[in-house]
């Protein structure tokens, strides 16, 4: 089961990107007009052009902290904060438009916020813009441009940018592959609290890429990232525990980790858990549970590494239909 593909990650993946002028994003101010003057009046300091107050109130509404969740109102306040000079507000407004969170998705508009915030010093905006170029989402794929943006994010103090720059070096995208440098970047970002970087560093330790192979170190890093709800880290940790790499072999713990990873959306772990229920290997046989897990495997990713095996296992696990049970008729 392959779960070790390194990926560029950061706070929010934009679905599109393109270069934008350094002017205020198109449409800033329209969000406030659409609000009919309502939500901003919840905080007089926000109404008085206080960017930090607007941003703080927007987060409260976005997270439902002390007020009912209201993504649309949060967007209006993030955009207002952006207008008052908060680059974090610009970034969050960009994310809302790019993802359609509280508003109909508008990729071009979301991009304009990202580009403006990046030029204004917001590291996450630079990293998110780089992600779009790395994936070719909404723009021609440009690994070199992505790497430059990740470096810019790193230089601005963003751990996500540092992690993404490490992935560029590890994968050889937009730069000559250099696992030693990738490991250094992942370590720096991991030490700064970026759990995606911790996971990627764990992959390097597990596979001995740019560092000496160290299963125990890999397990520790996967545990940290799994605790932060990284589904792939949980799946990889389950594989190592199941094989006894970096510690004692423990089938039950491995299955618990596969269960967590599957719930978080990792298809290969759903397959492993489904097979356990189908074969009785570590779980009491339960064909209904096996079918549900195998179906989830394919629903999450029809092209996952174990897709063909999942389809075969599913055919065996499903009860025969009435037509299949009926005896053949005489000619």
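Worth pointing out:
- Flag for residue 132 being outside any loop (DSSP other than H, G, I, E, B), touching a residue at least 40 places away in the same chain (Cβ under 8 Å), within 24 Å of residue 190 (Cα to Cα) and in contact with a helix residue (DSSP H, G or I) (Cβ under 9 Å, 6 or more places away or on another chain): yes
- Qualifying residues in the range 230-266 (those that are part of a helix (DSSP H, G or I) and touching a residue at least 40 places away in the same chain (Cβ under 8 Å)) - the one surrounded by the most Cβ atoms within 10 Å (Cβ to Cβ): 236
- For residue 220, the conditions (1) farther than 28 Å from residue 250 by Cβ; (2) modelled with pLDDT of 95 or more; (3) surrounded by fewer than 20 Cβ atoms within 10 Å (Cβ to Cβ) are fulfilled apart from (1).
- Failed item, numbered, when residue 77 is tested on (1) over 20 Å from residue 197 (Cβ atoms); (2) at pLDDT 95 or above: (2)
- Taking first residues from the range 104-122 that are at positive phi and partners that are assigned to a helix (DSSP H, G or I) and surrounded by fewer than 24 Cβ atoms within 10 Å (Cβ to Cβ), the Cβ contacts under 8 Å between residues at least 6 apart in sequence or on separate chains come to 121/87.
- Out of 113, 133, sole residue that is farther than 22 Å from residue 163 by Cα and surrounded by 22 or more Cβ atoms within 10 Å (Cβ to Cβ): 113
- Test: residue 276 is assigned to a helix (DSSP H, G or I), crowded, with 16+ Cβ neighbours inside 10 Å, out of contact with any strand residue (DSSP E or B) (no Cβ under 6 Å at 6 or more places or on another chain) and modelled with pLDDT under 95: no
The values are calculated or read from the model by the stated rules, or taken from the named source; none is laboratory data. Computed from a predicted model, the values in this text were never measured in an experiment. Here Cβ is always computed from backbone atoms with ideal geometry, including for glycine, and neighbour counts include all displayed protein chains.
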